[in-house]
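The values are calculated or read from the model by the stated rules, or taken from the named source; none is laboratory data. Keep in mind that what you see is a predicted model, and the values were worked out from it rather than measured. Cβ placement follows ideal geometry from the backbone for every residue including glycine, while neighbour counts extend to all protein chains displayed. Remember, those area values only see protein heavy atoms, side chains included, never the ligands or the DNA or RNA. Shrake-Rupley method; radii C 1.70, N 1.55, O 1.52, S 1.80 Å.
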Amino acid sequence: MIRIGIIGAGGIGTMHAHCYKSIPEAKVVAIADIIPERAKELALMFNAEYLDHGDKIIERQDIDVVDICVPTYLHCEYTLKAASAKKHILCEKPKALNIEEGKKMIEATNRAGVKFMVAHVLRYFPEYENAYNTIKKGLIGLPKLVRTYRGGPNPAIIREWYGITEKSGGAIQDMVIHDIDFLKMCFGPVKEVYAKGNVFKRKNHEDPEYDLIILEFYSGVLAHLVADWSGTEDTPFITKLEIAGTEGLIDYDSSRSLPLNIRTTVEKGNNESVAIPESPLDPDSNPYTKEIREFLNAVENKKEPPISGTEALESLSIALAALKSIEIDRPVKIEEVLK
């Protein structure tokens, strides 16, 4: 039995807690939050103890894995503490605020000999898994152009720290890093980034944010990503993905009932569209459960987690390059942010 301690009882902490219920080899022992009532409400659902500070999770001897579900600016701090206590670590994305923090996290977990994974969950969403497999099977030929959109309500309306770029990285680092990580998995390393947006120009934390990012991959693929935090509380959250290849197109829109559409001409005489519906989010297909299960499998079998600290650092560097491009108003090579 792998014993779990969750730090953070907000939305993502609650999601992770419910996922552990579907994993027989795991047990949530304790949940901590600086809002004790929130920790208590969640912990009581799992017959777990509730604590008022993350440090109290790390201090416990009956916890094997620390699941870090706190704001981004606390990721490095808790990862270093958990590594020092020889706990295995699952940390929410984005990995860290900057490259220096990201490198410290890798060094600390390597030195401690613990398993460390960053939860880039988009890889486990069924529509994105299907898109990835379609690309790898060559069904759309050679990928050339990509367009993504990710947007909805401005989370700073509810949690102020999201609107403070120095704490969250804004919509690019906090939200569109999902798309960045997925596209990097599909097409390999990024050569150069050019971005425009108002992430640094907002007058207060509740101002809307809208950013445009262009990624040039070494593989030759060009991608155009949109980060949109201009919505109100009533705005639906929407994601879109278009991947155009030499022999077909992948078209995904979360607002449609059959969101993943694949049009291919690979088979001679076949240019029809094939719609692949979303998988139901039952325990076996829930993407959060799938990523947690894979991490715990790495812990149990003493192998490298599927998303290593180094790989997560690569995704972080692309997001930071986009932010730097907006700040200095020119294209930025990835090497510039890794120095």
- Task: Write down the percent of antiparallel bridges among all DSSP beta bridges whose residues are both part of the chain, to the nearest 5.
- Result: 60
- Query: Of all the stretches in the chain, which is the longest one without any exposed loop site, taking chymotrypsin sites (Phe, Trp or Tyr not before Pro) in a DSSP loop (any state but H, G, I, E, B) with at most 12 other Cβ atoms within 10 Å?
  - Reply: 1-199
- Note on the structure: For region 1-105 (alpha-carbon point model, no solvent) the Debye-based log₁₀ I(q)/I(0) at q = 0.18, 0.22 Å⁻¹ works out to -0.77, -1.13
- Pairwise FRET efficiency - Phe237 versus Lys196, Cβ, R0 = 25 Å, nearest 0.05: 0.65
- Gained length - Ile164 relative to Asp55, 0.36 nm times residue gap less alpha-carbon distance: 36.8 nm
- Evaluate the charge dipole of the chain about its Cα centre and quote only its size in Debye, nearest 20, assuming +1 on the Cβ of each Lys and Arg and -1 on the Cβ of each Asp and Glu. 760
- Task: Report in % the part of the accessible area of the chain that belongs to carbon and sulfur, leaving out ligands and nucleic acids; probe 1.4 Å.
- Result: 52
- Over all alpha-carbon pairs in region 125-219, figure out the percentage whose distance exceeds 20 Å. 45
- Item | Separation between Cα centres of region 81-154 and region 313-339, rounded to whole Å | 17
- Regression test value, accessible area per residue of the chain, probe 1.4 Å, units Å², expected 45
- Query: Once the Cα atoms of helix 126-136 and of the chain are each reduced to a long axis, what angle between those two axes, in degrees from 0 to 90 to the nearest 10, is obtained?
  - Reply: 50
- Message: As I understand it, the value is the acute angle between the Cα axis of helix 99-112 and the longest principal axis of the Cα atoms of the chain; what does it come to in degrees, rounded to 10?
- Response: 50
- Query: Which of the listed residues, Leu74, Ile106, Ile58, is farthest toward the dipole's positive end in region 58-110, when Lys, Arg count +1 and Asp, Glu count -1 at the beta-carbon?
  - Reply: Ile106
- Message: Which one, Pro126, Ser219, Asn47, is farthest towards the positive end of the dipole of the chain when Lys and Arg carry +1 and Asp and Glu -1 on their Cβ?
- Response: Ser219
- Say a paramagnetic label sat at a point 7 Å from the Cα of Ser22, along Cα to Cβ; which residues of region 113-133 have their backbone N under 18 Å from it? 119-130
- Task: Past 22 Å, Cα to Cα, is the threshold; run Lys27/Lys56; Lys95/Lys324; Lys137/Lys302; Lys81/Lys104; Lys81/Lys290 against it and keep the listed order.
- Result: Lys137/Lys302; Lys81/Lys290
- Message: List the trypsin sites (Lys or Arg not before Pro) within region 37-129 that DSSP assigns to loop and that have no more than 11 neighbouring Cβ atoms inside 10 Å.
- Response: Lys86
- Item | Computed E for Thr246/Leu212 - FRET, C-beta separation, R0 22 angstrom, nearest 0.05 | 0.30
- Can you give the Rg and Dmax of region 53-99 based on its C-alpha atoms, in angstrom? 10.1, 32
